[in-house]
1. Show me 108-119, 216-227, 310-321 ranked by packing, highest mean number of other Cβ atoms within 10 Å first.
2. Give the shape of the range 285-358 as rounded, prolate or oblate, defined through the alpha-carbon gyration tensor: a ≥ b ≥ c are the square roots of its eigenvalues, a/c under 1.5 means rounded, and otherwise the shape is prolate if a/b is larger than b/c and oblate if not.
3. Between Tyr392 and Leu40, take the C-beta separation as r, use R0 = 56 Å, and let me know the FRET efficiency to the nearest 0.05.
4. Using Cβ contacts closer than 10 Å as the measure, can you line up Asp339, Asp13, Asp387 from fewest to most?
5. Name the lysines eligible as straight-distance cross-link partners of Lys383: C-alpha to C-alpha under 18 Å, and not fewer than 8 places from it in the same chain.
6. Once fully extended, how much extra length lies between Val200 and Asp328, figured as 0.36 nm per residue of separation less the alpha-carbon to alpha-carbon distance?
7. Send over the semi-axes of the range 1-146's equivalent ellipsoid, whole angstrom and largest first, taken as the square roots of 5 times the C-alpha gyration tensor eigenvalues.
8. What's the exposure ranking of Met266, Met329, going from fewest to most Cβ atoms within 10 Å?
Amino acid sequence: MPTFHYNEYQSADRGYLVGVGLRQERALLSIEDSLRELTLLAGTAGIKVVGQASQLVRQVNPKTLIGTGKLDEIIEQLALLDANILIFDDELSPRHQREIEKQLGESVRLLDRSALILDIFAQHARTSEGALQVELAQYEYRLPRLTRQWTHLARQAGGGGARGGSGGVGLRGPGETQLEVDRREITRKITKLKKDLEQVRAHRKLHRERRRRSGLPLVALVGYTNAGKSTLINALSGSDIFAADQLFATLDPTTRRVPLPDGNEMLLSDTVGFIQKLPTTLIAAFRATLEEVIEADLLLHVVDISHQNAGQHIEAVEDTLAEIDASDMPRLLVLNKVDRLGGPLPQVGLVDNYAGIVPISAQEQTGLGDLLLSIAGALAQQKTLLDVVIPYQSGQIYSELYDKRYIEAEATREDGWALTLRLPITDSDHYREFVVDETSPAGNSAD
């Protein structure tokens with residue numbers, strides 16, 4: 001659990017929400033739906049929402065985001081409702097934050113959606129890797145926003161931070177403000193965290209290479225937060241990963257071995273849930289984890305089809321996949337929670353790029369057989385045929401192919417084992433040197 005918390009919410013914390021929309025801009029969710037989601041986020045963080053306001057503007061106020069008259073109205077409401085936290089549904093620029101804080105005074109804390117999500121991630125990270133990633137995202141988000149509210153951050157973080165740095169804030173130089181000292185210290189911490197995460201990334205790469213040598217395909221679960229990914233991996237693997245009906249219940253990636261109907265097996269990996277307006281610092285910090293998605297053979301995009309904004313959730317996930325260069329990967333659309341529908345499946349857009357659509361209920365464990373068949377079929381399409389000859393002195397390679405279940409047919413000849421391999425396209429280059437010549441009697445390579 002990271003010690004890097006700037007907002008330790010108390011049971012008495014009362015939040016007031018503000019949504020802003022541009023008249024000419026198409027938003028993924030309406031202001032009302034986005035504020036409804038922000039209410040859930042606030043509740044997940046332990047903040048009681050006591051009121052909200054919204055404003056449609058022709059252009060953003062460069063100083064206070066919303067109109068000054070609207071801000072005055074909101075400040076009056078804060079006093080009437082005894083609210084001590086003001087939460088904007090959009091990310092505030094450093095200037096917006098400074099100007100609004102001047103109007104709020106000392107008794108009200110100012111947050112935006114990004115800061116709230118980062119704090120939720122900090123609360124839910126369970127592994128040292130997850131804590132590292134969240135801590136980096138928090139520092140990078142707050143560095144340009146250091147004001148009266150965020151000074152002495154390094155001391156609040158416990159000196160060297162959750163991972164143990166060189167200890168407290170350095171001595172001030174001549175004419176140096178505390179803000180400058182804090183900026184320098186946080187910049188140093190960011191550098192160290194990035195170095196630590198590069199080591200994590202290198203370790204994950206080695207782990208993926210070892211896993212790839214096992215020959216088992218990797219299938220990654222992606223989806224909007226609270227779509228039911230953890231419940232699905234539990235249902236398919238018989239494991240007991242924590243699953244709850246709340247946003248971002250699980251953050252740390254988990255991988256389980258799952259048998260397939262064709263006699264093969266797959267590795268099924270759960271990943272962090274996505275959400276609209278996901279902070280860019282968080283996506284960057286979770287690069288090591290999200291590489292599990294990029295390296296997968298197949299993506300299962302899990303959607304809560306019972307949610308009124310299911311189509312918009314699909315679009316938000318597609319946007320995030322594009323941001324991490326995973327938009328062209330093969331994937332299945334898994335429509336979860338069909339047991340909650342009172343009628344037929346609703347129509348959803350953006351389905352042309354999917355190899356198939358499978359309705360299921362992970363909670364009721366219905367449709368899982370069809371899902372496994374669809375996964376096996378989609379993985380089979382990612383394979384190719386190779387005819388190779390493995391010399392008898394390379395028995396270790398023959399054993400490796402046998403263990404990976406790549407051998408479709410085999411025969412012996414004077415110079416070695418003549419094998420027909422069916423294997424993932426991504427693994428075929430490892431055995432290209434053994435491909436038989438097209439003119440040889442052993443057969444031809446084929447795709």
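1. 216-227, 108-119, 310-321
2. Numbers: a/c = 2.18, a/b = 1.93, b/c = 1.13.
Cα axes put the range 285-358 in the prolate bin.
3. On the way: r = 63 Å, r/R0 = 1.13.
Result of the calculation: an efficiency of 0.35.
4. Values: Asp339 13, Asp13 18, Asp387 21.
By the 10 Å Cβ count, ascending: Asp339, Asp13, Asp387.
5. Filter leaves Lys404.
6. Numbers: separation 128, 0.36 × 128 = 46.08 nm, distance 2.60 nm.
Contour length minus Cα-Cα distance gives 43.5 nm.
7. Working: eigenvalues 124, 59, 48 Å².
Here the semi-axes work out to 25, 17, 15 Å.
8. Numbers: Met266 21, Met329 17.
By the 10 Å Cβ count, ascending, the order reads Met329, Met266.
No lab work stands behind these numbers, since they all come straight from the coordinates. These numbers were taken from a predicted model, which means no experiment stands behind them. Reconstructed Cβ throughout: ideal geometry from the backbone, glycine too, with neighbour counts over all protein chains shown.
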